[in-house]
Amino acid sequence: MCLAVPARIVEKEGDRAVADAMGNRWNIRITLTPEIEVGDVVLVHAGYAIAKVDEEEARRTWELFEEIAQFEEKRIAAEQADKEE
């Protein structure tokens, strides 16, 4: 299964850019989306921006990722509590 993550372009130089998703930054290529500018939100897959996306759509995805992370933290805490009993 493949997953593309929405991220905001925070730096751009040539066909390279820095993307930020929920505070995580990484270097990507924008070769497939040369029209992308700093501030745009894109889907990043395998190190490439593959499409520009609507900011509201990206925000909903980031919120879902946060919910998943919170659920996982609760699950891990519950497992640790069970082991301590």
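Some notes on this structure:
- Sum of side-chain charges, His45 neighbourhood, beta-carbon under 14 Å (Lys, Arg +1; Asp, Glu -1): +2
- Other residues within the sphere of radius under 12 Å centred on the Cβ of Ala69, judged by their own Cβ, net out at -3 (K and R +1, D and E -1).
- Ala46-Glu67 FRET efficiency (beta carbon distance; Förster radius 25 Å; 0.05 resolution): 0.50
- Acute angle (nearest 10 degrees) that the helix 55-84 long axis makes with the longest principal axis of the chain, alpha-carbon atoms: 30
- Between Arg60 and Cys2, the C-beta separation translates, for a Förster distance of 22 Å, into a calculated FRET efficiency of about 0.70.
FYI, it's all coordinate maths here, none of it is from the lab. Bear in mind the structure is a predicted one, so any value in this text is a computation, not a measurement. Note that we place each Cβ from the backbone using ideal geometry, even for glycine, and neighbour counts take in every protein chain shown.
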